[in-house]
Amino acid sequence: VTTEEFFDILGRTVPTDTTFVCSLGRTSEEAFARFRGRTLFLDSMGDVMPLACGVALGVSESHPVVALDTDGGQLMGLAALPTVAQMVDRLSNLLVVVFDNGIYESAGGLPSRSCTLDWTRLGEAFGLSVCVVDLPDDCAVALASAFHKFAILVVSTRNGPGVVKTNKTQDGIESRYVFVRHLERLLGKTILRPATKS
Amino acid sequence: VSCAIALDALLRAGVETVVALPDSKLSPLCAHLMQSDQVTYIQATHEATAVGIAAGLTLCGVKSLVVMENSGLRTACETLARFNLSHGLYCCFLISHRGAFGERNWWGFGHHETMFPILRMLRIRWSHVRSLAELPSRIGDAYEMLAAGQCSVALIAESSLIEDLRR
């Protein structure tokens with residue numbers, strides 16, 4: 001499956017009020033094209049899943065949250081797995097998607113690892129269920145069962161050659177403001193009140 | 001009793017979740033928070049994970065506190081730099097001051113040497129807390145400052161506060 005194909009399936013499958021926390025590169029460009037008003041774009045490899053956990057806990061279990069991470073990002077943040085594993089009972093509203101293209105695409109396309117990597121067994125080591133998919137139909141099936149319990153979905157992506165166009169117009173600061181305004185609408189409360197006197 | 005007073009100060013400030021990587025100085029407080037049903041206690045295995053979870057909660061308007069040793073600033077430095085300097089993602093810390101004046105352990109000296117430069121570089125505002133009596137007002141001030149949305153905020157737990165927490 002290509003990243004674009006997966007995002008098409010994702011857009012058709014998840015609830016319209018789904019909140020996203022997104023990694024960088026091609027993943028963020030696809031998310032920006034579709035979900036920009038309800039996505040935190042995080043230019044910080046290794047931090048997408050922990051931050052998405054905080055958001056999922058903060059919005060309560062009735063609101064779905066999707067973390068959109070990359071293989072490089074997950075591998076950089078493996079230390080988060082035991083912490084996430086102890087919280088899974090409170091994270092039924094969180095789906096972690098890992099786009100595994102096997103390369104550092106934004107950095108020029110060199111491999112993200114030169115060893116074998118069994119994502120399923122990696123998750124099992126911490127008691128986490130990890131589903132690996134590489135066909136569009138399997139992606140749709142996996143997404144249809146999301147948000148009943150915490151899940152990690154590894155999507156084997158092959159996007160072919162070519163440079164990813166940079167169309168995203170938000171920096172980290174603007175993304176934070178847009179994201180918090182989304183959360184305020186979602187939760188029906190004011191979160192940012194930067195001053196208390198006029 | 002002293003840890004119960006500290007917990008009460010957190011609750012009065014509206015803290016709902018503590019994300020901690022316990023160290024020898026703050027572990028009595030962490031143990032107390034872990035057993036409390038008044039605050040959600042999450043124990044992390046890496047300070048960057050704790051920062052990520054706390055920053056996510058803060059985005060949602062949930063008051064959270066990261067509890068860690070000052071060496072955790074170094075461990076989580078990349079995450080903190082990205083969050084604080086590039087994204088405006090902030091959180092509140094209670095940080096033990098390992099390596100403070102009187103430190104008896106050789107390995108603690110570097111923790112002190114690096115703490116303040118890192119706090120300054122990452123634009124984290126801080127205040128020292130030297131006693132349990134000071135804690136409630138300092139925590140209140142910390143969350144008021146965090147609510148302005150301009151920086152992360154750290155409370156530096158000095159040895160005298162640590163002694164109070166052990167009583």
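The values are calculated or read from the model by the stated rules, or taken from the named source; none is laboratory data. Predicted model only: the values in this text are computed from it and were never measured. As a convention, Cβ positions derive from the backbone with ideal geometry for all residues, glycine included, and neighbour counts pool all protein chains shown. When the accessible area is computed, the model is the full protein with side chains, heavy atoms only, and any ligands, DNA or RNA have been set aside. Shrake-Rupley method; radii C 1.70, N 1.55, O 1.52, S 1.80 Å.
A few points about this structure:
- Qualifying helices (runs of 4 or more DSSP H) (wholly inside region A:46-132; at least 1 residues being of a type in the set (D, E, K, R)): A:71-76, A:119-124
- Pair list, Cβ < 7 Å and 6+ apart or interchain, from region A:17-46 residues that are more than 11 Å from every other protein chain (Cβ to nearest Cβ) to residues that are small (Gly, Ala, Ser) and open to solvent by less than 10 Å² (accessible area, probe 1.4 Å): A:Phe20/A:Ala31; A:Cys22/A:Ser28; A:Cys22/A:Ala31; A:Ser23/A:Gly73; A:Thr39/A:Ala31
- Residue selected from region A:23-45 under the condition of a type in the set (Phe, Trp, Tyr) and assigned to a helix (DSSP H, G or I), by the criterion nearest to A:Lys165 (Cα to Cα): A:Phe32
- Of the strands (runs of 3 or more DSSP E) lying entirely inside region B:14-103, those carrying at least 2 residues that are under 14 Å from the mean Cα position of the chain (by Cα) and buried (at least 20 other Cβ atoms within 10 Å of the Cβ) are B:17-20, B:64-69, B:92-96.
- Test: A:Arg121 is under 26 Å from B:Leu57 (Cβ atoms) and open to solvent by 70 Å² or more (accessible area, probe 1.4 Å): no
- Consider region B:112-121 and keep the residues that are surrounded by fewer than 23 Cβ atoms within 10 Å (Cβ to Cβ) and closer than 30 Å to B:Glu16 by Cβ. The one that is nearest to the chain's Cα centre (by Cα) is B:Leu119.
- Conditions (1) surrounded by fewer than 15 Cβ atoms within 10 Å (Cβ to Cβ); (2) closer than 21 Å to A:Gly54 by Cα: number failed by A:Phe147: (1)
- Residue under evaluation A:Val163, criteria (1) away from chain B (no Cβ under 14 Å); (2) of a type in the set (A, V, I, L, M, F, W, C); (3) surrounded by 11 or more Cβ atoms within 10 Å (Cβ to Cβ), criterion not met: (3)
- Those residues of region B:122-137 which are farther than 22 Å from B:Ser24 by Cα and either more than 14 Å from chain A (Cβ to nearest Cβ) or not in a loop (DSSP other than H, G, I, E, B) (or both), in sequence order: B:Ile124, B:Arg125, B:Pro136, B:Ser137
- Output for region B:106-120, where each listed residue is hydrophobic (A, V, I, L, M, F, W, C), under 14 Å from B:Ala81 (Cβ atoms) and out of contact with any strand residue (DSSP E or B) (no Cβ under 7 Å at 6 or more places or on another chain): B:Ile118
- Qualifying residue in region A:103-111 (condition: crowded, with 20+ Cβ neighbours inside 10 Å and either in contact with a Leu (Cβ under 6 Å, 6 or more places away or on another chain) or more than 9 Å from chain B (Cβ to nearest Cβ) (or both)): yes
- Across region A:168-185, the number of residues qualifying as surrounded by 10 or more Cβ atoms within 10 Å (Cβ to Cβ) and more than 9 Å from every other protein chain (Cβ to nearest Cβ) comes to 7.
- Pair list, Cβ under 7 Å, 6 or more apart: region B:78-89 residue within 9 Å of chain A (Cβ to nearest Cβ), other residue exposed (fewer than 15 other Cβ atoms within 10 Å of the Cβ) and not charged (D, E, K, R): B:His87/A:Ile173; B:Gly88/A:Ile173
- Of all positions in region B:138-146, none carries a residue that is part of a strand (DSSP E or B), aliphatic (A, V, I, L, M) and more than 14 Å from chain A (Cβ to nearest Cβ).
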